[in-house]
Amino acid sequence: MIHQKWIQDAIKLLSRNVTQSIFSTVEKLNLTIIHFYKNCFLIKFLPKWISKLVYLSLIFMVSLGLTAAAIKSPTVKIPIFGFHDIIDLQNKADLPPYRRLYDMDYTKQDLEKFVEYLIQKNYWFLSSQDLFVYFINKSQPIPSKHIGQKPVMLTFDDGYEGVHQNGMPILERMEEKYGKKVKFVLFINPKTLGVNNEKDLPHLTCQDLREGYQKDFYDIQSHGFTHKNLTKISSKELEVELYFAKLALRKCTNDLDRNKIVAAHIAYPYGAINTKVEKKLPKYHLTGFIYDDKFLKVNYLKNKFRISRITVGSRTSPYKLIRLATRASTLKKISNEEGRRKKEEAGRKRQEG
């Protein structure tokens, strides 16, 4: 019977050196297996066909070890939560018969519990640009002040007035109590800014957006111009939805947005996207967000226009949100070798840009 310690040692060696070239590693392993095969006295007494089978089995088992090492290589997991309107249970105007309740509503009281937990546990509240720069494009290293933190993103679709009316006070209280800023990423349909009629829920105004942006609470991004399903409109209409949404949001925040970050990213109405839409996106946006109720796993992200979000509705308790948030990765300091490699990669991207 072949002793397995050699194989275990080989797998450990692979785990310690997963950053080196795969082909180089396999080549070294093959040489080691050959050496073992030739010098193991037991093999000399085996029939030729059995000895060959042993040799092939060794290669196969080490290959499994290589695969396991690659699979177990660490990835950064980021929960991105998708909310809509925020209602206040202590405000009669937010409750029937004065206001209809919706499945996508979330209460001010539960949101405050969740946000306060995240602050107490020192989470990093990402903006859409933070996510792009540090985790997707990786054009800059993660700032040292965020090492040891868990990243999280809180997003709000459709631009309802309740986000400003009921959400802003939470952010202000948390800042006063803990001295920390919380970032809300708002995906806005500018066509509905200021809309307040009996047919629809009241929406934020441009002034509301400006107030939240100036206080560094809001990250303002696109949700299409009129909230049309982008996969069900013509190419011309698609251009209108993308172009005018970006134009209107930047016009609203023009004097505040010197770096042109507003509307650089998009969340698709109804979470709908297809290849036709995707081809138009690079002209207007850096990233795009979908709903698939999954974590963003940075190392496995293949398409920056299909970033995962977790749907939050009226039946989602704050305790469930907390459980999900605890599964976020704790950011660790990268090794000198990995840091050098990432700096070189970032330099190449800047040159290409």
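The values are calculated or read from the model by the stated rules, or taken from the named source; none is laboratory data. The shown structure was predicted, so the numbers you read here are calculated from the model rather than taken from an experiment. Glycine also receives a Cβ, built like all others from the backbone with ideal geometry; neighbour counts cover every protein chain displayed. Surface accessibility is based on the protein's heavy atoms, side chains included, excluding ligands, DNA and RNA. Shrake-Rupley method; radii C 1.70, N 1.55, O 1.52, S 1.80 Å.
Below are the figures for this structure:
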read-out: Single residue of segment 214-244 satisfying the filter (of a type in the set (A, V, I, L, M, F, W, C) and under 24 Å from the mean Cα position of the chain (by Cα)) that is farthest from P282 (Cα to Cα); value: F217
read-out: N254 in a loop (DSSP other than H, G, I, E, B), modelled with pLDDT under 95 and either open to solvent by 20 Å² or more (accessible area, probe 1.4 Å) or polar (S, T, N, Q) (or both); value: yes
read-out: Some residue of segment 110-132 being in a helix (DSSP H, G or I), among the β-branched types (V, I, T) and under 28 Å from I261 (Cα atoms); value: yes
read-out: Identity of the residue in segment 189-223, farther than 16 Å from L247 by Cβ and assigned to a helix (DSSP H, G or I), that ends up least open to solvent (accessible area, probe 1.4 Å); value: G212
read-out: Subset tally (residues that are exposed (fewer than 10 other Cβ atoms within 10 Å of the Cβ), within 20 Å of V312 (Cβ to Cβ) and not charged (D, E, K, R)) for segment 90-105; value: 0
read-out: Within segment 224-249, tally of residues that are assigned to a helix (DSSP H, G or I) and open to solvent by 50 Å² or more (accessible area, probe 1.4 Å); value: 8
read-out: Filter result for the condition that a residue is more than 22 Å from F187 (Cα to Cα), at pLDDT 95 or above and either among the hydroxyl-bearing types (S, T, Y) or touching a Phe, Trp or Tyr at 6+ places or on another chain (Cβ under 7 Å) (or both), over S127, S139; value: S139
read-out: Flag if L186 is surrounded by 22 or more Cβ atoms within 10 Å (Cβ to Cβ) and farther than 21 Å from S317 by Cα; value: yes
read-out: Selected residue [outside any loop (DSSP other than H, G, I, E, B), modelled with pLDDT of 95 or more and touching a Ser or Thr at 6+ places or on another chain (Cβ under 9 Å)] from G82, G65; value: G82
read-out: Flag for K181 being in contact (Cβ under 8 Å) with a residue 24 or more places away in the chain and open to solvent by 70 Å² or more (accessible area, probe 1.4 Å); value: yes
read-out: Residues (surrounded by fewer than 17 Cβ atoms within 10 Å (Cβ to Cβ) and hydroxyl-bearing (S, T, Y)) located in segment 106-119; value: Y117
read-out: Residues (crowded, with 17+ Cβ neighbours inside 10 Å, touching a residue at least 40 places away in the same chain (Cβ under 8 Å) and hydrophobic (A, V, I, L, M, F, W, C)) located in segment 302-323; value: I307, I310, V312, L321
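Condition check ((1) out of contact with any strand residue (DSSP E or B) (no Cβ under 8 Å at 6 or more places or on another chain); (2) within 19 Å of K228 (Cα to Cα); (3) of a type in the set (V, I, T)) across all residues:
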{"residue": "A245", "(1), (2), (3)": "no, yes, no"}
{"residue": "L256", "(1), (2), (3)": "yes, no, no"}
{"residue": "N259", "(1), (2), (3)": "yes, no, no"}
{"residue": "H265", "(1), (2), (3)": "no, yes, no"}
{"residue": "A272", "(1), (2), (3)": "yes, yes, no"}
{"residue": "T275", "(1), (2), (3)": "yes, yes, yes"}
{"residue": "K280", "(1), (2), (3)": "yes, yes, no"}
{"residue": "L286", "(1), (2), (3)": "no, no, no"}
{"residue": "F289", "(1), (2), (3)": "no, yes, no"}
